[in-house]
Amino acid sequence: MELEAFASPLTLSQINLAGIPVIALTSHEDFTVQRALELGATALLTKPITQRAIYTTLMMAVGLRQQLHDIQQQQMLLRQRLAAMPQITQALAAQMQAESIDEQQAWVRLRSESMCTNQSVAQVAQKWLLRMSSGKRGAQ
């Protein structure tokens, strides 16, 4: 298929989301190489094509796609952790106030409970906040 057939941003987005490596068949001219990269090519296969070039390009495209997938997974995990930080901070502050302990001691308790219960720190923080809010409601 011609490279320009992939010029649609929607098509490129769908291909990218599906995790399909895009290999562009180009000449050695700078503008075709640049255009292929602009359109999201994962790898380039230049004319004339040889069997070794095909294999190398395929391996490179698959490897790069896997690296990109891994980076996207890490990025998603970091976003989730970042989103949980306000709740974790709130739970630590509440624990510090309730138990008259310092931040380091609150962190030690949070991490210990996280490891003992095989839950994430964010899950334990959420549980702490729920427990503390039900305790306040019960005291009223």
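Got a sec? Which of SER120, SER114 is surrounded by 15 or more Cβ atoms within 10 Å (Cβ to Cβ), among the polar types (S, T, N, Q) and more than 19 Å from GLY135 (Cα to Cα)? Don't jump to the end; show me each part of the working.
Working: SER120 fails: surrounded by 15 or more Cβ atoms within 10 Å (Cβ to Cβ).
Selected residue: SER114, the only one of SER120, SER114 that is surrounded by 15 or more Cβ atoms within 10 Å (Cβ to Cβ), among the polar types (S, T, N, Q) and more than 19 Å from GLY135 (Cα to Cα).
Contact map, the stretch 33-44: first residue in contact (Cβ under 8 Å) with a residue 60 or more places away in the chain, second residue aliphatic (A, V, I, L, M) and not in a strand (DSSP E or B), Cβ cut-off under 7 Å, separation 6 or more or different chains; the map is empty.
Within the stretch 10-22, residues that are under 22 Å from MET59 (Cβ atoms) have Cβ atoms under 7 Å from residues that are of a type in the set (Lys, Arg) in these pairs: GLY19/ARG65; PRO21/ARG65, counting only partners at least 6 apart in sequence or on another chain.
Restricting to the stretch 94-127, give me the number of residues that are under 24 Å from LEU77 (Cα atoms) and either in contact with a Phe, Trp or Tyr (Cβ under 9 Å, 6 or more places away or on another chain) or without any contact (Cβ under 8 Å) to a residue 40 or more places away in the chain (or both). So that I can check it myself, show each step before the final result.
Our first condition is that a residue be under 24 Å from LEU77 (Cα atoms); within the stretch 94-127, this holds for 106-127.
Imposing the further condition that a residue be either in contact with a Phe, Trp or Tyr (Cβ under 9 Å, 6 or more places away or on another chain) or without any contact (Cβ under 8 Å) to a residue 40 or more places away in the chain (or both) reduces the set to 106-121, 123-124, 126-127.
The total comes to 20.
Evaluated against (1) surrounded by fewer than 17 Cβ atoms within 10 Å (Cβ to Cβ); (2) modelled with pLDDT under 80; (3) small (Gly, Ala, Ser), ALA18 falls short on exactly one condition, (2).
Can you tell me how many residues within the stretch 18-34 are part of a strand (DSSP E or B) and either touching a helix residue (DSSP H, G or I) at 6+ places or on another chain (Cβ under 6 Å) or among the charged types (D, E, K, R) (or both)?
Filtering the stretch 18-34 for residues part of a strand (DSSP E or B) gives 23-26.
Still in the running and either touching a helix residue (DSSP H, G or I) at 6+ places or on another chain (Cβ under 6 Å) or among the charged types (D, E, K, R) (or both): 23-24, 26.
The total comes to 3.
The values are calculated or read from the model by the stated rules, or taken from the named source; none is laboratory data. Just so it is clear, the structure is predicted and the values come from calculations on it, not from any experiment. FYI the Cβ positions are ideal-geometry reconstructions off the backbone, even for glycines, and counts take in every protein chain you see.
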